[in-house]
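The values are calculated or read from the model by the stated rules, or taken from the named source; none is laboratory data. On a predicted model such as this, the values are computed, not experimentally measured, just so you know. Note that we place each Cβ from the backbone using ideal geometry, even for glycine, and neighbour counts take in every protein chain shown. Quick note on the areas: whole protein, heavy atoms, side chains included, nothing else; ligands and nucleic acids left out. Shrake-Rupley method; radii C 1.70, N 1.55, O 1.52, S 1.80 Å.
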Amino acid sequence: MKKPEENTTQKTIQFEIPQGVKTPWIDYLGDIPATLKYCNGTMYEKLEATAAKYPGKIAFDFMGKHTTYKQLIDKVNECARSLRTIGVRPDDRITIAMPNCPQAIFMLYAVNRVGAVANMVHPLSAEQEIQEYVNYSKSTTIVTLDQFYNKVEAIRANTGIVNVIIARIKDELSRSIKTGYMLTEGRKIAPIPKDAPVITWDRFMKLGKASFKNYTVERRASDPAVILYSGGTTGKTKGIVLTNLNFNALSQQVIAANPMFMPGDKMLAAMPLFHGFGLGVCIHTMLTQGGRCVLVPRFTAKSYAKLITRYRCNFIAGVPTLYEALLRLPQMEKADLSCLKGVFSGGDSLSIELKKKFDRFLYSHNATIQIREGYGTTECVTASCLTPPTRHKEGSIGVPFPDTYYKIVTPGTEEELPYGEEGEIVISGPSVMQGYMDMPEETADTLRTHADGLTWVHTGDLGMMDDEGFVYFKGRIKRMIITSGYNVYPAQLENVFDAHPKVHMSCIIGVPDSYKMQKVKAFVMLSEGVPANEETRSELMKYAEKNIAKYALPYDIEFRTELPTTLVGKVAYRQLEEEELGKKE
């Protein structure tokens with residue numbers, strides 16, 4: 001964005017609307033200003049202001065236990081003091097490999113308060129992946145749960161990790177829930193050796209009490225705050241560096257796009273913290289606007305359904321796979337969903353038929369709303385386009401958020417196309433990332449300053465825009481598989497398989513699936529002399545389980561003596577995709 005107007009007395013930033021761009025949100029979102037005001041500070045400062053305004057309101061629920069905004073900010077400050085005590089400095093990277101639990105929330109904002117950067121990692125990532133994330137980010141500290149200790153210990157010697165902080169789910173449970181947890185889930189967790197070189201959460205939180213260090217660090221809105229991850233089409237993992245402004249702007253935009261929101265409204269926070277939507281919308285937006293998060297540490301469709309009705313949630317979000325599953329659950333048959341104000345779908349295309357089915361389901365369960373589809377990229381934190389609450393167009397992903405601009409250009413260029421023509425979706429606005437960590441060429445290729453003076457994210461996605469500003473997603477230029485809402489990059493998985501001594505070459509494709517939308521399949525050419533038998537397949541699957549996240553694991557490995565190639569010698573993965581489609585017909 002250009003020409004920000006800074007109000008130093010109220011610490012806000014406001015952007016001017018560039019000449020000639022469409023502002024469809026003004027037409028479809030009701031009585032909102034043409035441009036929004038954003039916090040000219042940190043994520044922590046935005047949370048602190050909300051806690052001061054609503055100290056007695058419940059900030060989040062976790063397995064039956066409530067935490068107020070006053071309790072939340074006190075815990076964050078306590079955690080920040082402890083971080084300074086163990087030597088965390090401004091700009092240090094702190095890896096948080098946690099599910100949606102209270103300690104993860106405390107740590108996220110404490111890291112921000114001391115001026116460090118939160119490196120968000122999927123706790124179910126394979127050991128090798130965790131090692132890569134830690135080394136890539138140059139993290140000095142990692143925070144995780146006791147059940148993941150063995151993974152961290154296995155890779156610790158190969159990293160620059162100085163501090164390992166271990167939290168436990170049971171420590172944040174009410175007394176009544178804790179007993180049941182320890183008799184079931186808690187029994188499955190192996191005890192950590194007494195001499196393990198770790199800092200337990202309880203001990204960590206006490207460290208700051210003995211410290212008189214000043215733990216307040218002056219930071220700007222433009223400073224980096226969070227690193228999220230996205231795979232590259234070349235197989236390289238990309239760390240997306242996002243600023244305080246990126247998250248604080250998203251918070252204001254989401255609320256502007258949902259004028260029915262009121263402080264105290266409850267959102268089911270099932271989307272994970274290492275995901276832009278989970279962190280940006282379900283957590284940061286809700287906690288900086290006076291909302292109430294219902295934290296879900298382990299997601300299943302059944303647990304999701306149970307919590308919607310138990311807490312009478314006002315807002316829910318998920319991928320199309322989730323909504324397909326909810327339609328089939330017996331416990332949803334008599335559910336009263338009149339409490340719902342917003343139901344959002346993202347992460348993959350919502351088919352027209354599924355939208356119709358779920359809208360009928362909502363109406364038959366007393367809801368007065370429809371499911372609203374959105375679109376976004378991690379390069380802009382998460383969603384930057386959403387179906388308005390009062391206007392829907394079949395097949396559309398909605399209109400851009402306030403202060404966010406979409407253009408359709410000829411792929412690979414800056415040439416804007418007329419309304420109705422298909423091209424590459426490019427995005428500009430205050431949620432646009434700072435760049436890819438330590439990848440100047442990739443950053444320059446994705447972030448481009450056009451003749452209008454704005455910086456645009458070239459998404460690699462195909463779409464079109466109509467003359468009313470509604471956007472339509474048409475497909476991906478990039479090679480990518482989406483399974484149950486997770487992005488899986490075939491080149492990354494191929495790099496893993498190709499590194500095995502028994503593999504000569506591999507090719508990963510997505511196979512259509514009625515439940516997951518796509519599932520992952522591997523085609524493998526074995527090295528000379530290696531038998532194509534079940535023993536080899538089992539060995540490769542065990543190897544994959546150690547090096548690939550669970551959600552990205554192939555459901556099948558098919559051995560081939562040859563893989564089809566294009567005229568320039570590349571593996572013709574589309575030919576394999578067509579073969580799989582042919583089997584289904």
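Stretched out fully, how many nm does the piece from Asp359 to Asp195 gain, at 0.36 nm a residue minus the Cα gap?
53.5 nm
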Counting only protein heavy atoms and leaving out ligands, DNA and RNA, the solvent-accessible surface of Ser349 at a 1.4 Å probe, in Å² to the nearest 10, equals 50
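Per Stokes-Einstein, at 4 °C and 1.567 mPa s, what whole-number D in µm² s⁻¹ belongs to the chain, with the Kirkwood radius over Cα pairs as the hydrodynamic radius?
Numbers: Rh = 24.9 Å.
Using the Kirkwood radius from Cα pairs, D works out to 52 µm²/s.
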Under the Karplus relation with 6.51, -1.76 and 1.60 and θ = phi - 60°, whole-Hz ³J(HN,Hα) for the range 453-462, x at Gly and Pro, equal x, 8, 8, 10, 7, 8, 6, x, 10, 9
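For the range 431-585, take N as its residue count and report Rg(C-alpha) divided by 2.2 N^0.38 Å.
On the way: Rg = 18.8 Å, N = 155, 2.2 N^0.38 = 15.0 Å.
For the range 431-585, the normalised Cα radius of gyration comes out at 1.26.
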Quick shape check on the range 74-205: root eigenvalues a ≥ b ≥ c of the Cα gyration tensor, a/c under 1.5 is rounded, otherwise prolate if a/b tops b/c, else oblate, and it reads oblate
Whole-Å distance linking the alpha carbon centroid of the range 411-477 with that of the range 364-401 is 19
Of the accessible area of the chain, computed with a 1.4 Å probe and all protein chains kept, carbon and sulfur make up a percent value of 51
Checked the range 289-371 against the a/c 1.5 cut and the a/b vs b/c comparison, axes a ≥ b ≥ c from its Cα gyration tensor; verdict rounded
Projected onto the charge dipole of the chain (unit charges on the beta-carbon of Lys, Arg, Asp and Glu, signs +1, +1, -1, -1), the Cα from Ile240, Pro418, Val111 with the largest positive-side position is that of Val111
For the chain, dividing by residue count, accessible area per residue (probe 1.4 Å) in Å² works out to 42
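For the chain, calculate the relative contact order in percent as a whole number, restricting contacts to Cα pairs under 8 Å that are 6 or more residues apart. Walk me through the numbers before you get to the answer.
Numbers: 1214 pairs, mean separation 76.7, N = 585.
Worked out over the chain, it gives 13 percent.
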For the range 351-509, shape from the Cα gyration tensor axes a ≥ b ≥ c, cut at a/c of 1.5 then a/b versus b/c, turns out oblate
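Pairs to check: Lys266/Lys519; Lys302/Lys357; Lys151/Lys546. Give those whose C-alpha atoms are more than 21 Å from each other in this structure.
On the way: Lys266/Lys519 33 Å; Lys302/Lys357 19 Å; Lys151/Lys546 10 Å.
Too far apart for the 21 Å limit: Lys266/Lys519.
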In deg cm²/dmol, rounded to the nearest 500, the helical mean residue ellipticity at 222 nm of the chain, built from -39500 (n - 2.57) for every DSSP H run of length 4 or more, is -8500 deg cm²/dmol
By accessible area (1.4 Å), largest first, Glu558, Glu545 order as Glu545, Glu558
For the chain, whose charge dipole is built from +1 on Lys and Arg Cβ atoms and -1 on Asp and Glu Cβ atoms, the candidate among Gly453, Ile192, Ile481 with its Cα farthest towards the positive end is Ile192
Once phi for every residue in the range 520-526 is put through the Karplus expression 6.51 cos²θ - 1.76 cosθ + 1.60 (θ = phi - 60°), the whole-Hz ³J(HN,Hα) values, with Gly and Pro written as x, are 8, 10, 10, 10, 10, 9, 7
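By per-residue mean of other Cβ atoms within 10 Å, what is the highest-first order of 392-405, 190-203? Working shown, then result.
Working: 392-405: 21.9, 190-203: 12.7.
Ranked by mean Cβ neighbours within 10 Å, highest first: 392-405, 190-203.
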Using a 1.4 Å probe on heavy atoms of the protein chains only, the accessible area for Tyr229 in Å², nearest 10, reads 40
